[in-house]
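Asker: So that we are looking at the same thing, I have put the structure below in structure tokens.
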Amino acid sequence: MKAWSRPDVPRVSPDPRRPRVHDTATGELVEVGPADGPARLYVCGITPYDATHLGHANTYVAFDLLVRTWRDAGLEVTYTQNVTDVDDPLLERAEATGVDWVELAEDQTQLFRTDMEALRVIPPDHYVGAVESVPLVTELIQRLVPTGLVYQVDDPEHPDWYFACSAAPGAGEVSHLDREAALAIFGERGGDPERPGKRDALDCLVWRLERDGEPSWDSPLGKGRPGWHIECTAIALEHLGPAFDVQGGGSDLVFPHHEMSASQGRAATGQAFARAYVHGGMVGYQGEKMSKSKGNLVLVSKLRAAGVDPMAIRLVLLDHHYRSDWEYTDADLERATERLAAWRSIANNPTAFPANETVQAIRDALRDDLDAPAALAAVDTWVAASAAVETDETESVTEVLTLVDALLGVRV
């Protein structure tokens, strides 16, 4: 599957410091990025319907900051992202709207691509759909069978394949949830704790055998389709290998998705799935978390169609720390639009405050857990100071705005 076109990212002299980010598994700030070789990142992608709302965009802009900060440290980056282009929610939406599920997935994936291009998000090196990954998934499941952790559920009609999550090595190391909390969340987030015939309520589906009217693929496991968690495990291991640097996504993926993907990866390789698990906050709207199921969506494409500058949308997102939960209001967009206008007012102004402190402040902020709000504040301070001086500092204007483009992804 093709990704989207790459923005033109200006080159700047590197600062070799690696960023520190919050690792969900340890609860601590950890330095991420290898001493040699590429930094390896996996971020869970969309299930393509109702794409792209601000919650989606918040996640992908956050990890775009990580990619840009790694690049600023002089690192090569190998970035992989999936597209869950076959799954129950997608099939349900297709049936409800009378649209072929393949057409719906293709249409919404393309919309996501155009939104990412507009927001100047650097595309992944490997952009991989679930459908094209069916062979990877079935191969991985077959590798797991000898461990005794993969089994067929006791159901004569539909003996689907499951993974014994609770029995897997390292179970619970990402989320640290007790069983009661895990069971409650599992049912809310796509799990089936009450499915008869499972060994344990927290076991997760890895291969769903064919049902009438559902898409399916031939495999040694029987004709069927992949489960959600195993999809990401297989794609990540294929394109990044074990113990990659960062597994990323929204905080609603900590459990069960990242927990179970990590358990499957460890069981298959005997190594950690990822070295750090990094999660973005949830975006709310009208008093609730923005979600497809609630329908309280603010879509990037609709904002763009209404004439909103994509750089203002990006600034809305950057104005909130990636780990914070926040609620979108029109005031966010007004503030971002005013900020963008102020920054652009200096773009062709030869009088500016010297750049050194501002450049350092931007880099320091991003290396401190991707603190974009602090980086924006540093630029605001420089812009305000520049408006009050009469020194000819054309080079300072170029230096700051080039760094803003390269690190924050905002083309002024």
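What follows draws every value from the coordinates through simple rules; no lab data is involved. If you're wondering where the values come from, they're calculated on a predicted model, not measured in any experiment. Quick reminder, even Gly has a Cβ in these numbers, built from the backbone with ideal geometry, and neighbours come from all protein chains shown.
Asker: Which of Phe255, Phe163 has the fewest other C-beta atoms within 10 Å, and how do the rest follow up to the most?
Answerer: Least to most surrounded, the residues fall as Phe255, Phe163.
Asker: Karplus couplings for the stretch 309-320 from phi (6.51 cos²θ - 1.76 cosθ + 1.60, θ = phi - 60°), rounded to Hz, Gly and Pro as x?
Answerer: With the stated coefficients, the stretch 309-320 comes to 5, x, 5, 5, 4, 4, 5, 4, 5, 5, 6, 10 Hz.
Asker: Tell me the relative contact order for the stretch 190-232 as a rounded percent, counting alpha carbon contacts under 8 Å between residues six or more apart.
Answerer: After rounding, I find 31 percent.
Asker: What angle do you read, to the nearest 10 degrees and between 0 and 90, between the alpha-carbon axis of helix 54-72 and the longest principal axis of the chain?
Answerer: With rounding to tens, the tilt is 70 degrees.
Asker: Let me ask another. In terms of Cα to Cα distance under 28 Å, which lysines are near enough to Lys289, apart from those fewer than 8 places away along the same chain?
Answerer: Lys302
Asker: May I ask for the Kirkwood hydrodynamic radius of the stretch 34-189, worked out over all distinct Cα pairs and given in angstroms to one decimal?
Answerer: By the Kirkwood definition, the hydrodynamic radius is 18.5 Å.
Asker: Further question on the same structure: Per Stokes-Einstein, at 25 °C and 0.890 mPa s, what whole-number D in µm² s⁻¹ belongs to the stretch 1-72, with the Kirkwood radius over Cα pairs as the hydrodynamic radius?
Answerer: The estimated diffusion coefficient comes to 168 µm²/s.
Asker: Within 10 Å of each residue's Cβ, count the other Cβ atoms and sort Tyr322, Tyr285 from fewest upward.
Answerer: With the fewest neighbours first, Tyr322, Tyr285 line up as Tyr285, Tyr322.
Asker: Mind pulling the angle between the C-alpha long axis of helix 330-345 and the longest principal axis of the chain? Nearest 10 degrees, somewhere in 0 to 90.
Answerer: 40 degrees
Asker: Quote the relative contact order of the stretch 20-285 in percent (integer), defining contacts as alpha-carbon pairs under 8 Å separated by 6+ residues.
Answerer: Over the stretch 20-285, the number comes to 24 percent.
Asker: Same structure, new question: Counting only Cα atoms, I'd like the Rg/Rh figure for the stretch 352-405, Kirkwood definition for Rh.
Answerer: 0.98
Asker: Roughly speaking, what is the centre-to-centre gap between the stretch 1-48 and the stretch 198-253 when only Cα atoms are used, to the nearest Å?
Answerer: 24 Å
Asker: If you add up the charges near Lys198, with Lys and Arg at +1 and Asp and Glu at -1, over every other residue whose beta carbon is less than 14 angstrom from its beta carbon, what do you get?
Answerer: In short, -4.
Asker: Per q in 0.09, 0.11, 0.12 1/Å, what log10 I(q)/I(0) does a Debye calculation on the alpha-carbon atoms of the chain return?
Answerer: With no solvent term, the Cα-only Debye profile gives -0.56, -0.82, -0.96.
Asker: If each residue's Cβ is checked for other Cβ atoms within 10 Å, how do Trp343, Trp217 rank with the fewest at the top?
Answerer: Numbers: Trp343 21, Trp217 17.
Ranking Trp343, Trp217 by Cβ neighbours within 10 Å, fewest first, gives Trp217, Trp343.
Asker: Using the 2.2 N^0.38 Å rule of thumb for compact globular proteins, work out how the stretch 308-408 stacks up: its C-alpha Rg over that value, please.
Answerer: Rounded to two decimals, the normalised Rg is 1.07.
Asker: With axes computed from alpha carbons, what is the tilt in degrees of helix 259-269 against the longest principal axis of the chain, rounded to the nearest 10 within 0 to 90?
Answerer: Around 70 degrees separate the two axes.
Asker: DSSP beta bridges in the chain, what fraction antiparallel, as a percent rounded to 5? Write down the numbers at each step before the final one.
Answerer: Numbers: 18 of 39 bridges.
Of the beta bridges lying entirely in the chain, close to 45 percent run antiparallel.
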